[in-house]
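Enquirer: Before we start, here is the structure in question, set down as structure tokens.
What follows is calculated from the coordinates using simple rules that are stated; it is not laboratory data. What you see is a predicted model, and the numbers here were worked out from it, not measured in a lab. Because the Cβ atoms are built from the backbone with ideal geometry, glycine has one as well, and the counts that use them run over all protein chains shown.
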Amino acid sequence: MKKKLIIGITGASGVIYGIRALEILRATGNVETHLVLSPSAARTIAEETDYDTAQVRALADTLYSYRDIGAAVSSGSFKTEGMLIAPCSVKTLSGIASCFDDDLIVRAADVQLKERRRVVLLFRETPLHAGHIELMAQATRNGAIVMPPVPAFYHRPQTLDNVVSQTVGRALDLFGIDAGIVKRWQGTDATRLKGRRTQEGDDS
């Protein structure tokens with residue numbers, strides 16, 4: 001049977017992360033995606049990408065209304081691998097931290113947490129004030145994983161697409177889903193490193 005993963009896309013900047021997650025999971029063919037798209041996300045999609053909302057919706061296997069708190073994903077009896085919220089807005093983080101389930105994204109996340117399933121939040125805000133940090137701490141205490149989409153550079157990205165895909169791939173790793181797109185660190189060759197240090201006069 002296919003794994004099931006809930007994807008939430010909020011109106012924060014960085015909707016491409018959620019879109020790329022849907023594209024990658026569709027390409028794998030072994031993960032069934034359940035999408036909740038906030039109204040604000042639709043505007044951000046138009047502002048930040050060349051996709052339209054209909055195209056993004058079509059990437060998911062199942063789509064739910066943001067206000068439908070009676071949807072399948074609102075119940076713990078609906079078994080999934082968990083939920084990825086990419087990007088996660090301050091408003092959504094606040095709802096998850098305080099269990100304020102007034103929309104389906106927050107409700108679905110709260111349900112996953114109570115069932116002790118994985119919830120990964122690509123919290124997209126910077127710089128941070130103390131309120132943001134407290135919310136991240138409380139969401140973490142509730143069981144969520146806060147994963148700000150901080151780019152890695154060890155894989156020598158050549159394009160913005162490389163950065164986005166690597167970040168999404170690492171987020172999917174947290175659900176035990178290896179989409180074959182992550183360039184993984186293999187360690188530093190000790191001989192090469194020692195030679196470089198010797199050239200620089202460092203014998204340590």
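Enquirer: Cα-based count: Lys pairs in the chain below 24 Å, eight or more positions apart or different chains?
Expert: Final tally of qualifying lysine pairs is 9.
Enquirer: I would also like to ask the following. Within a 10 angstrom radius of the beta carbon, how do 15, 120, 146 rank from fewest other beta carbons to most? Please report the intermediate quantities before stating the final value.
Expert: Numbers: 15 28, 120 23, 146 18.
Ranking 15, 120, 146 by Cβ neighbours within 10 Å, fewest first, gives 146, 120, 15.
Enquirer: Ok, one more. Return the long-range amide H neighbours of residue 82 (sequence gap of 5 or more, or a different chain), with a cut-off of under 5 Å between placed amide H atoms.
Expert: Amide H neighbours of residue 82, under 5 Å, 5+ apart: 6.
Enquirer: Round to the nearest 10 and give me the degree value, 0 to 90, for the angle of helix 190-199's Cα axis relative to the longest principal axis of the chain.
Expert: Orientation of helix 190-199: about 60 degrees from the principal axis.
Enquirer: Suppose every K and R has +1 on its Cβ and every D and E has -1 on its Cβ; what is the size of the dipole of the chain about the Cα centre, in Debye to the nearest 20? Before the final figure, lay out the partial values.
Expert: Numbers: 25 positive and 23 negative charges, 114 e Å.
The dipole of the chain has a size of about 540 debye.
Enquirer: On to the next question. Treating only the Cα positions of the stretch 13-68 as identical point scatterers, give the base-10 log of I(q)/I(0) from the Debye formula at each q in 0.26 Å⁻¹.
Expert: Taking Cα atoms of the stretch 13-68 as identical point scatterers yields -1.10.
Enquirer: Positive end of the dipole of the stretch 3-199, charges at C-beta (+1 Lys, Arg; -1 Asp, Glu), about the Cα centre: which of 104, 51, 31 has its Cα farthest in that direction?
Expert: Looking along the dipole axis, the top candidate is 31.
Enquirer: Another question about this same structure. Pull out the extension gain between residue 158 and residue 23, defined as 0.36 nm times the separation in residues minus the alpha carbon to alpha carbon distance; nm, one decimal.
Expert: Full extension of this stretch gives 46.6 nm more.
Enquirer: Using 0.36 nm per residue, how much length does the chain from residue 49 to residue 13 gain when fully extended, once their Cα-Cα distance is taken away?
Expert: 11.9 nm
Enquirer: If you don't mind, there's one more thing I want to ask. Report the Rg/Rh value for the chain, based on alpha-carbon coordinates and the Kirkwood definition of Rh.
Expert: Result for the chain is an Rg/Rh of 1.05.
Enquirer: Give me the extension gain from residue 185 to residue 150: residue separation times 0.36 nm, minus the current Cα-Cα distance, reported in nm with one decimal. All intermediate terms of the calculation are to be shown ahead of the outcome.
Expert: Numbers: separation 35, 0.36 × 35 = 12.60 nm, distance 1.62 nm.
Extra length available between residue 185 and residue 150 comes to 11.0 nm.
Enquirer: For the chain, modelled as a Gaussian network with Cα springs under 10 Å, which listed residue fluctuates most, 138, 158, 55?
Expert: Evaluated over the chain, the most mobile residue of the options is 158.
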